[in-house]
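Take a look at the structure below.
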Amino acid sequence: MKTYSAKPQDIQRKWYIIDAEGKTLGRLATRVATILRGKHKPIFTPHLDCGDFVIVVNAEKIHVTGNRLADKIYYRHSGYPGGLSAISLRDLLKKRPERVIEQAVRKMLPKNALGRHMLRKLRVYAGPAHPHTAQRPEVLELE
C-alpha cells in the first residue's frame, strides 16, 4: 500500500464564511487555523498548502473568557531603542478588532513561508459586511 501525497494541481479550494458573534476567541482561531491548513480534508499533505479561504465577519463581537479583556496584553516593537508598545485586548478590540483574530490564527499556523502563505487566505472584517460575495462562500457553523 502506498501513501498518498497530494499534488498542487489536485487541490480544490473553497471559500467559507464564519460569523464570530458570541464565539470564544481561542476556539474560533483553532477552527480557522485548521481550515487554512487543510487538515479537515482527506488529502491533507503537511508540506503543501491545501487549505481553503476563510472569511470571518463580526470580529468586534468576539467573546473572551475570564478576565482577559483587562489582563491580555499585545506587544510589538518598532525596532528602535525604547520602541516597545503594549495594548490591552479591550483597547485593541475597540481600535482594530480584526487584528485580534488575525494574531490568534497567525500564532497557530506554521512559523515559515508556508504559514505566511496560508495566512493570506484569511479575511477578517469587524462588521457583518464583506466584499467576497462573488466567491459564493459557504456558511460554516461552529459548535
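Laboratory data are not the source of any read-out in this text; all were calculated from the coordinates shown. In this text, all values refer to a predicted model and were calculated from it rather than measured experimentally. Positions of Cβ are backbone-derived with ideal geometry, glycine not excepted, and every protein chain shown enters the neighbour counts.
Looking at the chain, send over the antiparallel percent of its DSSP beta bridges, to the nearest 5.
Numbers: 5 of 16 bridges.
Among the beta bridges of the chain, antiparallel pairing accounts for roughly 30 percent.
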- line: With Cα coordinates, the longest principal axis of the chain makes an angle with the long axis of helix 97-106, in degrees rounded to 10, of 50
message: Can you tell me the orientation of helix 25-37 relative to the chain, as the angle in degrees between its alpha-carbon axis and the longest Cα principal axis, to the nearest 10?
response: 30
task: With label points built 7 Å along Cα→Cβ from the Cα atoms of Tyr74 and Met1, find their separation and express it in nm.
output: 4.5
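Using R₀ = 22 Å, calculate the FRET efficiency as 1/(1 + (r/R₀)^6) where r is the Cβ-Cβ separation of Ile11 and Val139; round to 0.05. Kindly include the intermediate steps, with their values, before the conclusion.
Numbers: r = 22 Å, r/R0 = 1.01.
Between Ile11 and Val139 the formula returns 0.50.
Quick check on region 68-136: take the gyration tensor over C-alpha atoms, sort the square-rooted eigenvalues as a ≥ b ≥ c, and tell me if it's rounded (a/c under 1.5), prolate or oblate.
Values: a/c = 2.29, a/b = 1.37, b/c = 1.68.
Because a/c hits 1.5 or more and a/b fails to exceed b/c, region 68-136 counts as oblate.
Apply the a/c threshold of 1.5 to the C-alpha gyration tensor of region 103-143 and tell me whether it is rounded, prolate or oblate.
Working: a/c = 2.09, a/b = 1.76, b/c = 1.19.
Prolate, since a/c reaches 1.5 and a/b exceeds b/c.
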query: How long is the gain from His47 to Val64 if the chain were fully straight, where each residue apart is worth 0.36 nm and the alpha carbon distance is subtracted?
result: 2.8 nm
